[in-house]
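Structure record follows, encoded as structure tokens.
The values are calculated or read from the model by the stated rules, or taken from the named source; none is laboratory data. These figures come from a predicted structure and were not determined experimentally. Here the Cβ positions follow ideal geometry from the backbone for every residue, glycine too, while neighbour counts run over all protein chains shown.
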Number of protein chains: 2
Amino acid sequence: MEIFYARRVTTPPTPVSLRQKPGPNQLAVTGIGNAMLDVISQDHHEVFRQLGLTKAAMTLIGEERLDEFYQAMGPTMQMSGGSVANSIAGIAALGGTCGYIGKVADDEFGERFTHDLRTMGVELDIAIAKPHEGATGRCHVFISDDAQRTMATYLGASNQLQVDDIREDLIARSEITYIEGYLYDLPPAKIAIQKVANFAHEHDSMVALSLSDMFCVDRHRRDFLSLVTHDVDVLLANESEILSLFQTNNLEHAYSSLNEIGVLAVITRGAQGADVATFDGVVSVPASEVAHVVDQNGAGDLFASGFLYGLALGADPVEAAALGSLCAGEIIQHLGARPESDLEAMAAEAGFL
Amino acid sequence: MEIFYARRVTTPPTPVSLRQKPGPNQLAVTGIGNAMLDVISQDHHEVFRQLGLTKAAMTLIGEERLDEFYQAMGPTMQMSGGSVANSIAGIAALGGTCGYIGKVADDEFGERFTHDLRTMGVELDIAIAKPHEGATGRCHVFISDDAQRTMATYLGASNQLQVDDIREDLIARSEITYIEGYLYDLPPAKIAIQKVANFAHEHDSMVALSLSDMFCVDRHRRDFLSLVTHDVDVLLANESEILSLFQTNNLEHAYSSLNEIGVLAVITRGAQGADVATFDGVVSVPASEVAHVVDQNGAGDLFASGFLYGLALGADPVEAAALGSLCAGEIIQHLGARPESDLEAMAAEAGFL
């Protein structure tokens with residue numbers, strides 16, 4: 001028997017008011033991730049090809065290529081980024097209480113990253129890197145005219161997160177602890193992640209994991225499988241990431257494997273919406289209808305905002321995914337992966353909050 | 001007789017292909033203005049009021065308040081700005097050759113400003129300020145939920161432009177020299193502007209002036225009137241600026257005064273489009289139809305891009321204003337005052353280029 005799940009497609013679920021917010025000292029979600037600044041350029045002429053980048057993928061670059069990349073880019077817009085940090089900013093924009101754990105350098109970019117989360121009311125545990133650990137991470141984002149994003153990431157300080165950099169207090173107070181898969185790209189962070197997961201379980205905080213990128217899954221498949229099997233309560237991925245995790249080209253096979261493991265998962269599928277894989281089966285939630293897609297950057301991150309915040313408030317996973325769709329729909333209508341509109345007002349208008 | 005002009009309202013003009021581009025060594029437009037970086041924040045809770053700012057106006061602030069403002073703002077998006085620099089970026093995005101004259105400090109913000117115009121192919125004459133002349137100018141932009149922008153500007157180095165900082169070669173090669181009214185806020189720039197105007201006339205470059213801001217007009221009315229009367233070929237303003245210039249609350253009176261002076265003028269009127277005041281009368285050009293206005297920042301600047309580029313290519317003023325409307329329509333659909341879409345492709349699709 002290959003297919004465990006009965007697949008059903010929902011009409012857009014009728015939103016019902018979500019449960020009450022966490023208590024005064026509680027947090028809905030704490031994220032732990034790569035603290036990055038996004039340097040975004042409209043790339044009408046696909047300059048990224050001359051730089052040797054693969055379209056729509058993320059390539060890692062070293063500090064020695066930072067200047068070359070910046071000079072090759074057109075005019076840039078700069079704003080805070082980092083996948084899980086974007087998700088946390090989205091939850092804050094929804095009115096949720098949240099925390100963020102990450103690492104920056106003592107430079108102008110790091111200061112800006114910290115400012116942008118702090119002024120949203122996010123509780124921070126930002127470690128400052130030592131000089132030899134590099135500059136603050138940044139991600140060069142090339143937006144093609146077809147709204148695809150091609151990324152060149154300098155990890156720098158963001159990926160030097162150590163066990164000792166992590167304040168356990170934030171995790172202890174959170175309904176959900178959300179871990180960025182990209183963190184696996186450096187060995188010390190790997191140990192830190194295991195510790196975070198253990199600590200979350202001790203304090204009844206659900207552990208959510210983002211698989212981040214299909215090549216990242218490729219690099220760390222065994223670690224991810226072990227983490228998903230033993231520690232993860234909620235898995236967030238897109239199609240290519242989940243296929244890569246289970247080394248299959250059949251989504252139904254991947255869903256069967258998820259069911260065997262017994263993990264709640266949500267798979268984002270772009271314009272096709274998202275599949276929520278629960279123990280009872282797979283439910284497809286449609287994407288928000290959007291007039292004009294400008295930049296897909298942040299769609300997955302903001303989907304995670306709505307989905308995780310919904311779960312933290314006690315919604316069922318399908319309803320939480322509908323809130324995720326709403327948030328993802330906002331972010332793809334403009335440049336950048338941080339929300340521009342008043343998400344809380346949008347969600348309230350749609351009957352969620 | 002109070003009203004000189006027969007007012008007529010156009011239907012959207014049918015665009016006709018514009019004249020050929022300037023020769024290989026010629027420039028369509030050179031701008032001279034305040035070189036600024038924009039620090040933009042979505043201000044859902046109108047924090048700007050606590051900072052003592054007047055809604056939808058521009059307030060000047062000193063270096064000592066920079067940190068206070070930055071800390072009070074929410075998450076920011078940073079990108080190059082400056083009114084005339086935005087217009088020049090728009091012309092470059094339309095495929096026009098252009099130049100820019102301005103002044104920045106030797107700091108990270110100044111480097112970014114220069115990078116953003118250079119990578120668009122703009123020929124630059126950027127003077128570097130001495131340390132005592134301040135840091136690179138920046139404009140804190142608070143976007144309200146009704147898409148109004150409230151600005152707090154630190155002029156810094158941008159306003160220290162001296163006669164000696166200006167490379168006359170760019171002006172000599174330009175069809176149009178476009179001057180930013182804000183430059184009048186410092187005495188040395190005043191002298192520089194007169195020199196720029198004289199030089200432009202010697203070389204048959206049309207002189208265009210932006211009135212920039214109604215309070216700026218208030219501060220320098222006599223100087224502006226003298227410049228408009230003796231040196232300006234094309235005047236760009238919005239309603240409040242032109243009313244302030246002639247100290248009237250009646251637009252028709254202002255248009256009569258323009259006719260007496262004998263200057264070609266274009267008055268932008270937001271959703272009501274723009275009035276082109278020629279020697280023959282006033283023609284109203286409608287605004288582009290836009291589904292959702294996100295941020296009016298840059299609407300006037302990008303209108304100027306299309307209008308001036310059209311004039312430089314030999315279009316009649318009404319047709320040039322229609323290209324201006326197209327460009328203004330693009331910029332108000334997203335945050336920031338620099339174009340995101342491929343303006344050249346948009347203009348070509350609409351039959352302009």
Subset tally (residues that are crowded, with 24+ Cβ neighbours inside 10 Å, of a type in the set (A, V, I, L, M, F, W, C), closer than 14 Å to B:SER305 by Cα and within 12 Å of chain A (Cβ to nearest Cβ)) for segment B:327-353: 2
So B:ALA157, is it away from every other protein chain (no Cβ under 13 Å), assigned to a helix (DSSP H, G or I) and either surrounded by fewer than 23 Cβ atoms within 10 Å (Cβ to Cβ) or in contact (Cβ under 8 Å) with a residue 40 or more places away in the chain (or both): yes
Some residue of segment B:306-324 being within 12 Å of chain A (Cβ to nearest Cβ) and either crowded, with 24+ Cβ neighbours inside 10 Å or among the aliphatic types (A, V, I, L, M) (or both): no
Qualifying residues in segment A:262-274 (those that are surrounded by fewer than 24 Cβ atoms within 10 Å (Cβ to Cβ) and closer than 22 Å to A:GLU180 by Cα) - the one nearest to the other protein chains (Cβ to nearest Cβ): A:GLY270
Residues of segment B:160-172 satisfying the condition of being farther than 15 Å from B:ALA105 by Cβ and assigned to a loop (DSSP other than H, G, I, E, B): B:ILE166, B:ARG167
Any hit, segment B:299-308, residues being part of a helix (DSSP H, G or I) and of a type in the set (Ser, Thr, Tyr): yes
Members of segment A:48-76 found to be of a type in the set (Asp, Glu) and more than 12 Å from chain B (Cβ to nearest Cβ), listed by number: A:GLU63, A:GLU64, A:GLU68
Number of positions in segment A:213-233 that are surrounded by fewer than 18 Cβ atoms within 10 Å (Cβ to Cβ) and among the hydrophobic types (A, V, I, L, M, F, W, C): 2
Qualifying residue in segment B:104-117 (condition: part of a strand (DSSP E or B), small (Gly, Ala, Ser), within 22 Å of B:ARG65 (Cβ to Cβ) and more than 12 Å from chain A (Cβ to nearest Cβ)): no
Hits in segment B:173-187 - residues which are at pLDDT 95 or above and either surrounded by fewer than 21 Cβ atoms within 10 Å (Cβ to Cβ) or assigned to a helix (DSSP H, G or I) (or both): B:ARG173
In segment B:120-152, residue surrounded by the most Cβ atoms within 10 Å (Cβ to Cβ) [restricted to those that are among the polar types (S, T, N, Q) and modelled with pLDDT under 95]: B:THR150
Filter pass, A:ILE101 being more than 30 Å from B:SER341 (Cα to Cα), away from chain B (no Cβ under 14 Å), without any contact (Cβ under 8 Å) to a residue 40 or more places away in the chain and in contact with a Gly (Cβ under 8 Å, 6 or more places away or on another chain): no
Options B:PHE352, B:PHE307: the member that is over 19 Å from B:ASN238 (Cα atoms) and of a type in the set (Phe, Trp, Tyr): B:PHE352
Residue in segment A:121-131 that is within 20 Å of the chain's Cα centre (by Cα), over 18 Å from A:ALA56 (Cα atoms) and within 11 Å of chain B (Cβ to nearest Cβ) present: yes
Candidates A:GLY134, A:GLY96 - the one that is away from chain B (no Cβ under 13 Å), closer than 28 Å to A:VAL294 by Cβ and touching a helix residue (DSSP H, G or I) at 6+ places or on another chain (Cβ under 6 Å): A:GLY96
Of the criteria (1) within 14 Å of another protein chain (Cβ to nearest Cβ); (2) of a type outside the set (A, V, I, L, M, F, W, C); (3) touching a Gly at 6+ places or on another chain (Cβ under 8 Å); (4) more than 30 Å from A:HIS44 (Cβ to Cβ), which one A:GLU289 fails: (4)
Qualifying residue in segment B:316-331 (condition: in contact with a helix residue (DSSP H, G or I) (Cβ under 8 Å, 6 or more places away or on another chain), under 19 Å from B:SER174 (Cα atoms) and either at pLDDT below 90 or not small (Gly, Ala, Ser) (or both)): yes
Residues satisfying the stated conditions in segment B:103-113, i.e. surrounded by 20 or more Cβ atoms within 10 Å (Cβ to Cβ) and not aliphatic (A, V, I, L, M): B:LYS103, B:PHE109, B:GLY110, B:ARG112, B:PHE113
